[in-house]
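Quick one: this structure, given as structure tokens, is what I'll be asking you about.
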Amino acid sequence: MTVIRSLITGCGSYLPERILTNNELARMVETTDEWIVERTGIRQRHIAAEGETTADLACRAAEAAMKHAGVSASDLDLIVVATATPDNTFPATATKVQARLGMTGGAAFDVQAVCSGFIYALAVADNFVKAGQSRCALVIGAETFSRILDWTDRNTCVLFGDGAGAVILQAGGGAGDAADRGILTTHIHSDGRHHDLLYVDGGPSTTQTVGHLRMSGREVFRHAVVNLAQVVDEALAAVDLPASAIDWLIPHQANKRIIDGTARKLGLPMEKVVLTVAKHGNTSAASIPLALAEAVQDGRVQRGQLLLLEAMGGGFTWGSALVRW
Ligand code: UT7
């Protein structure tokens, strides 16, 4: 053993009970099931119940991931929650999760990179593990985007939903090459010049309100295709592997057409892509761990396989990670 690797030893997810279908949405705004399915691949989304918060969803996903990994709260020394829809402006949602799980030591904080949040949180936690500062980290993506949507704006309200996913990272050893198990490489980027293409028009320091999500969808789409192609190439180059080595592409689930485009550029058949967007829409930071948990639970992802995770979101932010399961 020559290097420390973060092994993903467990994963879990949670979707709120209430399902909102495209047909129900078509009774709220001028849209159709056909339009939404054709342009996005989304068929339904889950909506948190009244009083059900991001921390509630995060805890359900965390408990499932901890059970899967066989770890308890006393084993954890770090919690990173990726969210753009925290319970409160402060303290961090992660500290609420920490208290609920009964973890009294270590550190817990939030990371805010919107739809790229899970990749950012994974990169942060992986670096803590590699630096020897964490042995067992809980990384969560959790969102209640239903609370920041303008339900009269058909351009955005049909796209998003609520949910949470979580993974457990544990320090392990590796030889330092691409055959190692664990997180092999992470890459994160941002370009703040594109703030106005995807943002929330409120906040404590500006309007003292929570605000609503605003998006120039077509522009975001255009940037997503370019940035995602760049960041997946960067990840493969970092470990000197060809795209053909990828067993599963587990992308941020925003729009099936963006995912198709990334897979096509990589030369990957759709059979190697984990697609869950139809079931829960864009759940922002929660979407990658939701997709991962599904593919692990149903047995698609097998030990030793190479997973490519990627995401793009407001900021703009974007990122990728290569993981050997
Ligand atoms: O997660 C992070 C970031 N988010 C994304 O990755 C989202 C990126 N963007 C997208 O996914 C797509 O751009 C959308 C799904 C938002 C839109 O698809 P599009 O193919 O880019 O459509 P468009 O913006 O070119 O709009 C086409 C038409 C417009 O009508 P006009 O202006 O051509 O007359 C829209 O008004 O579709 C109209 N439209 C709708 N029609 C029915 C927009 N929303 C709807 C709707 N139902 N819900």
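What net charge is computed for the residues neighbouring PHE118, neighbours being all others with C-beta under 13 Å from the C-beta of PHE118, Lys and Arg scored +1, Asp and Glu -1? Please list the in-between numbers first.
On the way: positive: none; negative: ASP110, ASP126, GLU143, GLU310.
Around PHE118, the charge tally is -4.
In addition: For the chain, what is the mean residue ellipticity at 222 nm derived from helices alone (per DSSP H run of n ≥ 4: -39500 (n - 2.57); sum divided by total residues; nearest 500 deg cm²/dmol)? The partial results should precede the final answer.
Values: 10 runs with 104 residues, N = 325.
Rounded to the nearest 500, it is -9500 deg cm²/dmol.
Give the share of C-alpha pairs in each 10 angstrom bin for the chain, from 0 to the last occupied bin, in whole percents, shortest bins first.
6, 29, 37, 22, 5, 0
Provide the net charge surrounding GLY217, with neighbours chosen by a C-beta distance below 15 Å and charges set as Lys +1, Arg +1, Asp -1, Glu -1.
Details: positive: ARG39, ARG154, ARG214, ARG218, ARG222, LYS256, ARG257; negative: GLU38, ASP150, ASP153, ASP196, GLU219.
Around GLY217, the surrounding residues sum to +2.
Can you give the accessible area per residue of region 161-251, in Å², using a 1.4 Å probe? Please list the in-between numbers first.
Values: 4170 Å² over 91 residues.
It amounts to 46 Å² per residue over region 161-251.
Right, another one. For region 3-174, what are Rg and Dmax over the alpha carbons, in angstrom?
17.4, 56
Share of Cα-Cα pairs in region 182-324 beyond 21 Å, in percent? Can you show the working numbers first?
On the way: 4399 of 10153 pairs.
Across region 182-324, Cα pairs with separations above 21 Å total 43 percent.
In percent, how large is the relative contact order of the chain, given Cα pairs closer than 8 Å and 6 or more residues apart? Can you show the working numbers first?
On the way: 827 pairs, mean separation 84.3, N = 325.
Relative contact order comes out at 26 percent.
Can you run phi through the Karplus equation (6.51, -1.76, 1.60; θ = phi - 60°) for region 276-287 and list ³J(HN,Hα) in whole Hz, with x for Gly and Pro?
10, 4, 4, 7, 9, x, 8, 9, 6, 4, 7, 6
Which lysines does LYS130 reach when only Cα atoms under 25 Å apart count, and residues fewer than 8 places away in its own chain are ignored?
LYS67
Additional query: Highest mean first, what order results for 110-116, 281-287 on Cβ atoms within 10 Å? The partial results should precede the final answer.
Values: 110-116: 26.7, 281-287: 32.1.
So the peptides 110-116, 281-287, ranked by packing, come out 281-287, 110-116.
Next question, about the same structure. Quick check for me: using +1 on Lys/Arg Cβ and -1 on Asp/Glu Cβ, what's the dipole size of region 182-324 about its Cα centre, in debye to the nearest 20? Could the numbers behind the result be given before it?
Working: 13 positive and 13 negative charges, 55 e Å.
That gives region 182-324 a dipole magnitude of about 260 debye.
Provide the per residue accessible area, probe 1.4 Å, for region 55-101, rounded to a whole number of square angstrom.
Details: 1990 Å² over 47 residues.
For region 55-101, the per-residue accessible area is 42 Å².
Right, something else. Could you tell me what percent of the accessible area of the chain is made up of carbon and sulfur, with a 1.4 Å probe and every protein chain present? If you can, show how the numbers build up before the last one.
Numbers: 6770 of 13370 Å².
C and S fraction of accessible area: 51 percent.
Here's something else I'd like to know. Can you tally the net charge around GLU38? Count Lys and Arg as +1, Asp and Glu as -1, for every other residue whose Cβ sits under 14 Å from the Cβ of GLU38. The partial results should precede the final answer.
Values: positive: ARG39, ARG43, LYS256, ARG257; negative: ASP33, GLU34, ASP260.
After counting each charged neighbour, the total is +1.
With an 8 Å Cα cut-off and a minimum separation of 6 or more residues, compute the relative contact order for region 96-197 in percent.
Working: 83 pairs, mean separation 24.7, N = 102.
Relative contact order, region 96-197: 24 percent.
The values are calculated or read from the model by the stated rules, or taken from the named source; none is laboratory data. Computed from a predicted model, the values in this text were never measured in an experiment. Cβ atoms come from the backbone with ideal geometry, glycine included; neighbour counts cover every protein chain shown. Each accessible area value is taken on the protein alone, full model and side chains, heavy atoms only, with ligands, DNA and RNA left out. Shrake-Rupley method; radii C 1.70, N 1.55, O 1.52, S 1.80 Å.
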